[in-house]
There are 2 protein chains.
Amino acid sequence: MQLLHQNGIERTTLADIAHAAHVPPGNVYYYFKTKDDIIGAVIQAHTHDINATLAAIDAQHRTPKARLKALIHELAGQSQTVARHGCPLGSLCTELNKRTNPTAADLMRRLTTWAEQQFRDAGHRRDAHQLALELIAAYEGHALLANTLQDPDILTAAARRLGSRIDKL
Amino acid sequence: MQLLHQNGIERTTLADIAHAAHVPPGNVYYYFKTKDDIIGAVIQAHTHDINATLAAIDAQHRTPKARLKALIHELAGQSQTVARHGCPLGSLCTELNKRTNPTAADLMRRLTTWAEQQFRDAGHRRDAHQLALELIAAYEGHALLANTLQDPDILTAAARRLGSRIDKL
DNA sequence: GTCTATAAATCGATAGAC
DNA sequence: GTCTATCGATTTATAGAC
């Protein structure tokens, strides 16, 4: 996950992965048949992480607004690494979209559908879907700007505004 | 530009470029010393395109609000290809951010500073910078979602809402 | 300037000993 | 299961004839 985040899929070699795992290059193939399998495992790991994060938020916060703000706070907490290497999810999706094999649509949908449910629970039944897309899009867009312009403040400032927008809902 | 947009930097080979240019593979090196030089030329081509687009908008529209809406309309007009291959600028920046050599920060800044000027001209002197970043971030974020979820309507709908937000300023 | 041919390096993947 | 060694394909880049 870390290597794919920092260097991207195409610029991460199996030798890099083997080195990071402290095993000789050939051993990687004992656990993964192809590089695509490794990518699939990374996607699965991201899915696990997102599910764990959302479950923790659901457990620690009871109101939908508090949950949405907790997600924003969680995402903004990574602003330093996001400014350096981009959003782990966003840049992964961008690279996967240039490929044919595996997709990350489910991964992104997991975020949007969860957010949509929170907006619905907050009483915004009519435009919950739209609000959810806007929230995630705003985060991903600012993550791209923070990364491209090498400025983590872009992301933290955006998160602060998104938080107060939730309050005013 | 087209190949890098569709397949990404890393998945575009010099053979692909030579084939698209109807020249034998060796000939590419007569015009570009390295692949990085080709990437640099593509960045320059994007810069040229953006400058031309913004100049045309400045010439055809006189009020800052009309200019901002014209930019949004321009960007939304590409929603079909954006859903298929991502935002040409955004996905290029994402890939360049994983590299060391060339940067696309100036390319992105060209968009944001132009938008910032429009917001300033529209009387929003205090938060022009922030409004500009939010506008571009919203576009890039929705472009990523449209691409990942393979749905151009996400981008066109977002553009429509961004347009009416400009009206209400 | 344009072409063919190929070098040099890298990378994904496999074979086979232990 | 773990390791070394290496194959085969791909890719960037160069050499040299025309």
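Throughout, read-outs are computed from the coordinates displayed, never taken from laboratory work. Not measured: the values here are computed from a predicted model. All Cβ positions, even for glycine, are placed from backbone atoms using ideal geometry, and neighbour counts span all protein chains on display.
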Scanning segment A:21-38 for residues that are surrounded by 14 or more Cβ atoms within 10 Å (Cβ to Cβ) and β-branched (Val, Ile, Thr), the one farthest from DNA strand D (Cβ to nearest atom) turns out to be A:ILE38
The helices (runs of 4 or more DSSP H) lying wholly within segment B:1-92 that contain at least 2 residues that are within 16 Å of DNA strand C (Cβ to nearest atom) are B:14-20, B:28-31, B:35-60
State whether one or more residues within segment A:84-98 are touching a Phe, Trp or Tyr at 6+ places or on another chain (Cβ under 7 Å) and closer than 24 Å to B:GLY90 by Cβ. no
The residue that is farthest from the other protein chains (Cβ to nearest Cβ), considering only those in segment B:117-134 that are surrounded by fewer than 17 Cβ atoms within 10 Å (Cβ to Cβ) and of a type in the set (Asp, Glu), is B:ASP121
Out of (1) at the interface with chain A (Cβ under 10 Å from one of its Cβ atoms); (2) over 19 Å from A:LEU133 (Cβ atoms); (3) surrounded by fewer than 21 Cβ atoms within 10 Å (Cβ to Cβ), the one B:LYS98 does not meet is (3)
Note: among B:ALA83, B:ALA59, just one is under 16 Å from the mean Cα position of the chain (by Cα) and among the small types (Gly, Ala, Ser), namely B:ALA83
With the first residue restricted to segment A:103-124 and required to be closer than 21 Å to A:ASP167 by Cβ, and the second required to be charged (D, E, K, R), Cβ contacts under 6 Å at 6 or more apart or on different chains are A:GLN118/A:ARG67; A:ALA122/A:LYS65
Matching residues in segment B:135-153 (surrounded by 24 or more Cβ atoms within 10 Å (Cβ to Cβ), more than 13 Å from the chain's Cα centre (by Cα), within 7 Å of another protein chain (Cβ to nearest Cβ) and of a type in the set (A, V, I, L, M, F, W, C)) number 1
For B:THR103, the lone unmet condition from (1) at the interface with chain A (Cβ under 9 Å from one of its Cβ atoms); (2) assigned to a helix (DSSP H, G or I) is (2)
When restricted to A:ALA59, A:ALA18, the only residue within 16 Å of DNA strand D (Cβ to nearest atom) and not charged (D, E, K, R) is A:ALA18
| said: Any residue that is among the aliphatic types (A, V, I, L, M), within 13 Å of DNA strand D (Cβ to nearest atom) and in contact (Cβ under 8 Å) with a residue 24 or more places away in the chain - is there at least one of those in segment B:39-49? | reply: yes
